[in-house]
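One structure below.
The values are calculated or read from the model by the stated rules, or taken from the named source; none is laboratory data. From a predicted model like this one, the values you see are computed outputs, not experimental measurements. All Cβ positions, glycine included, derive from the backbone under ideal geometry; neighbour counts span all protein chains shown. For accessibility, only protein heavy atoms count, side chains too; no ligands or nucleic acids. Shrake-Rupley method; radii C 1.70, N 1.55, O 1.52, S 1.80 Å.
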Amino acid sequence: MTNKIKIKEAIIVEGKYDKIRLDSLIDGLIITTDGFGIFKDKQKMNMLRHLAETRGLLVITDSDSAGFVIRNHLRSCIPSDRIKHAYIPDVFGKERRKTSPSKEGKLGVEGMSTEALIRALERAGVICRETENSDPSAQQAERITPADFYRCGLSGGEGSATLRAALLSHLGLPSRMTAKALLGVINDYMTREQLYEFFVTRLQSLN
């Protein structure tokens, strides 16, 4: 790929192979957490806090449980207005360099296609594609709220987890995301109208 994507935020990934993969795609600063090493590395955490303040952070971890533990740790340490999150979809398989799949059988950042990575970056709001039909008024659309989640049965109900799993699959998001985490990113993925359209379509498919 000749033209790399320029990203101003410091990009946080788990390991060196994730960094190598993104380095082939991105023109920017990429830092590894060295897995769970970030929990004990005070110097690196201080550096991340400084980078968050000066340029912002973008976190893109694997979609398995370990990736979410690291992501949530960073979320608890960095002010919410200084950190963005890019989510890769659940894709099952094995990276070429490995002899067997990971414990949960999912591909990590290093195994993602270029298209999947670009889509994740776009949805995180660090890059965008201009289209002929772009409409500035679209940005003024009503935001999805916790009340919308409740009305659609995505939270607070007996079947909420099942419906949420269907929505996550529909959006190509990790199945491990909680209702709170999904609410945090849903406005980057769809409009309030699209959410209600999904809800109605889902109900019709069950009847």
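Has the range 109-121 got at least one residue that is touching a Pro at 6+ places or on another chain (Cβ under 7 Å) and either over 25 Å from MET47 (Cα atoms) or open to solvent by 70 Å² or more (accessible area, probe 1.4 Å) (or both)? Talk me through it step by step, then tell me what you get.
To start, the set of residues in the range 109-121 that are touching a Pro at 6+ places or on another chain (Cβ under 7 Å) comprises 116.
After this cut, where a residue has to be either over 25 Å from MET47 (Cα atoms) or open to solvent by 70 Å² or more (accessible area, probe 1.4 Å) (or both) as well, the list is 116.
Within the range 109-121 (the criterion being touching a Pro at 6+ places or on another chain (Cβ under 7 Å) and either over 25 Å from MET47 (Cα atoms) or open to solvent by 70 Å² or more (accessible area, probe 1.4 Å) (or both)), the answer is yes, since at least one residue qualifies.
Looking at this structure, is ILE31 at pLDDT 95 or above and among the β-branched types (Val, Ile, Thr)? Don't jump to the end; show me each part of the working.
On the way: at pLDDT 95 or above: no; among the β-branched types (Val, Ile, Thr): yes.
Against the criterion (at pLDDT 95 or above and among the β-branched types (Val, Ile, Thr)), ILE31 does not qualify.
From the list ILE83, ILE70, ILE5, pick out the single residue that is of a type in the set (A, V, I, L, M) and within 19 Å of ARG176 (Cα to Cα).
On the way: ILE83 fails: within 19 Å of ARG176 (Cα to Cα); ILE5 fails: within 19 Å of ARG176 (Cα to Cα).
Result of the check over ILE83, ILE70, ILE5: ILE70.
Of everything in the range 149-201 that's open to solvent by less than 80 Å² (accessible area, probe 1.4 Å), among the small types (Gly, Ala, Ser) and in contact with an Asp or Glu (Cβ under 9 Å, 6 or more places away or on another chain), which residue is nearest to ALA66 (Cα to Cα)?
Per the criteria, the residue is SER175.
Which of (1) open to solvent by 90 Å² or more (accessible area, probe 1.4 Å); (2) out of contact with any Ser or Thr (no Cβ under 8 Å at 6 or more places or on another chain); (3) over 24 Å from SER169 (Cβ atoms); (4) not hydrophobic (A, V, I, L, M, F, W, C) is the odd one out, the single condition ASP27 does not satisfy?
(1)
Are any of the residues in the range 6-24 among the hydrophobic types (A, V, I, L, M, F, W, C), open to solvent by less than 90 Å² (accessible area, probe 1.4 Å) and in a helix (DSSP H, G or I)? Full working, then the answer.
Within the range 6-24, the subset among the hydrophobic types (A, V, I, L, M, F, W, C) is 7, 10-13, 20, 22.
Cutting the leftovers down to open to solvent by less than 90 Å² (accessible area, probe 1.4 Å) gives us 7, 10-13, 22.
With the extra rule that they be in a helix (DSSP H, G or I), the set shrinks to 22.
Scanning the range 6-24 turns up at least one residue that is among the hydrophobic types (A, V, I, L, M, F, W, C), open to solvent by less than 90 Å² (accessible area, probe 1.4 Å) and in a helix (DSSP H, G or I).
Provide a single number: the residues in the range 31-84 that are open to solvent by 10 Å² or more (accessible area, probe 1.4 Å) and in a strand (DSSP E or B).
Residues meeting the conditions: 4.
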